[in-house]
């Protein structure tokens, strides 16, 4: 295909190249302003929005599953695919691991940890299941978790229960806790001398509830219990250092809030805990037990995604972590504050601004979540996901930085109208 035909075909599909100049100019003009002020500047975020190719068929409020890339990152990804394809086996046999370690080191900077404590996996499920399935369980050992945890990890705990005779103790996290201490007490009440591992969400995926991980970890360690954290929705969403959470293991996905192409996640293991798990896929006996890379054998995988991690990190820092967090929190507070007092509406996310950020969940009393999601899409062209379990009954709403307040006004209008008709 010649260049002229290639460009013509792009035009026919509606493709436009990234508005790099718009993004750079918008950031340059606002750098001196506080993040909380920029969060409310719709003109600024409209410039950022121009860097995305957004499907016009519906308002996408389901970014929590997969935050698709802005065109800048997507173009870099395509370039990386072409380069790996161009070099072929030479690339795979020479520099793929060096480049992966460079990306891991850049991720360690975001995570605030040492580069020898973090590896790139394929997603959160792989990261956490490596620990859940890899510990040396014996019959009668116990594990503590919450019914609000992600299903894939709960399934892995069910498997080790069947396989090793492990007893799973499942608590329920309240949607509107009175305090951190209430949550810590719930986890502590489930711990016994037989408890080996406690898993906790940093940000509950179905409600956006941010849990007091450090306090939970400190409590668990007093009982001699290791702590595994599901950070799928927290990484590159809110700002924190993983070591400050005092956990032993931490997993996250990069295709969510860092906007890396599908196929990348992270696993953090505190240095003292690296020898504990067996690898999910064996890597021979050449690496010492203290080397985290013995847990990182996955066979041949899409290395162009690993390369694009660096491009996504560049975009993340160019936008600014503080600005991103402030915008996501502002958007969530913008719509939830308008609906919390509406009759027949239940917002299943804490109102305290420190207990949530971009994600929240809303339901209508008398309307099943599945039907609510269906009506939002059919009648109002708003795409969400229904949640109907673990004491959470509603639709998860996950805007992204390109989402406008006008789009959220449409959500508020839709929920209000449906709630009045119940």
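The values are calculated or read from the model by the stated rules, or taken from the named source; none is laboratory data. None of these values were measured; they are calculated from a predicted model. Note that each Cβ is placed from the backbone with ideal geometry, even for glycine, and that neighbours are counted across all protein chains shown.
Considering each of 229, 167 in turn, give the residue that is free of Cβ contacts under 8 Å to residues at least 60 places away in the same chain, buried (at least 24 other Cβ atoms within 10 Å of the Cβ), assigned by TED's automatic domain parsing to the domain that holds residue 147 and touching a strand residue (DSSP E or B) at 6+ places or on another chain (Cβ under 6 Å).
229
When residues of region 218-257 are filtered for being part of a helix (DSSP H, G or I) and in contact with a helix residue (DSSP H, G or I) (Cβ under 6 Å, 6 or more places away or on another chain), how many remain?
Residues that pass the stated criteria total 3.
Name every residue in region 351-387 that is within 16 Å of residue 410 (Cα to Cα) and assigned to a helix (DSSP H, G or I), in order of residue number.
Across region 351-387, the qualifying residues are 372, 373, 374, 375, 376, 377, 378, 379, 380.
Report, by residue number, each residue of region 278-302 that is touching a helix residue (DSSP H, G or I) at 6+ places or on another chain (Cβ under 8 Å) and outside any loop (DSSP other than H, G, I, E, B).
Correct list: 292, 295.
Condition check: assigned by TED's automatic domain parsing to the domain that holds residue 246, modelled with pLDDT of 95 or more and surrounded by fewer than 18 Cβ atoms within 10 Å (Cβ to Cβ). Does residue 86 satisfy that?
When the stated conditions are applied, residue 86 passes them.
For region 124-140, enumerate the residues that are out of contact with any helix residue (DSSP H, G or I) (no Cβ under 7 Å at 6 or more places or on another chain), surrounded by fewer than 20 Cβ atoms within 10 Å (Cβ to Cβ) and outside any helix (DSSP H, G or I).
136, 140
Could you list, in sequence order, all residues of region 333-350 that are in a strand (DSSP E or B) and under 27 Å from residue 213 (Cβ atoms)?
Within region 333-350, 346, 347 meet the criteria.
Identify all residues within region 294-350 that are surrounded by fewer than 17 Cβ atoms within 10 Å (Cβ to Cβ) and touching a strand residue (DSSP E or B) at 6+ places or on another chain (Cβ under 7 Å); write none if there are none.
The answer is 340, 344.
Look through region 33-52, keep the residues that are assigned to a loop (DSSP other than H, G, I, E, B) and within 21 Å of residue 313 (Cβ to Cβ), and return whichever of them is nearest to the chain's Cα centre (by Cα).
52
Mind listing whichever residues of region 111-123 are crowded, with 21+ Cβ neighbours inside 10 Å and out of contact with any helix residue (DSSP H, G or I) (no Cβ under 7 Å at 6 or more places or on another chain)?
Residue satisfying the conditions is 123 alone.
Answer with yes or no whether residue 410 is buried (at least 20 other Cβ atoms within 10 Å of the Cβ), in a helix (DSSP H, G or I) and in the same structural domain as residue 47 (by TED's automatic domain parsing).
no
Any idea which of 368, 378 is surrounded by fewer than 22 Cβ atoms within 10 Å (Cβ to Cβ) and under 25 Å from residue 53 (Cβ atoms)?
When all the criteria are applied, what remains is 378.
Considering only region 374-390, I want to know if a residue exists there that is touching a residue at least 12 places away in the same chain (Cβ under 8 Å), under 30 Å from residue 178 (Cβ atoms) and over 21 Å from the mean Cα position of the chain (by Cα).
no
What are the residues in region 19-52 that are more than 20 Å from residue 332 (Cβ to Cβ) and surrounded by fewer than 15 Cβ atoms within 10 Å (Cβ to Cβ), if any?
Scanning region 19-52 gives 20, 21, 24, 25, 28, 29, 31, 32, 33, 43.
For region 175-216, what are the residues that are part of a helix (DSSP H, G or I) and either in contact with a helix residue (DSSP H, G or I) (Cβ under 6 Å, 6 or more places away or on another chain) or outside the structural domain of residue 144 (by TED's automatic domain parsing) (or both)?
180, 184, 187, 188, 213, 214, 215, 216 - these are the residues of region 175-216 that are part of a helix (DSSP H, G or I) and either in contact with a helix residue (DSSP H, G or I) (Cβ under 6 Å, 6 or more places away or on another chain) or outside the structural domain of residue 144 (by TED's automatic domain parsing) (or both).
For the structure I just gave you, tell me whether residue 249 is in contact with a strand residue (DSSP E or B) (Cβ under 7 Å, 6 or more places away or on another chain) and within 23 Å of residue 332 (Cβ to Cβ).
no
Take the residues in region 143-155 that are more than 18 Å from the chain's Cα centre (by Cα) and surrounded by fewer than 20 Cβ atoms within 10 Å (Cβ to Cβ); name whichever of them is farthest from residue 205 (Cα to Cα).
155
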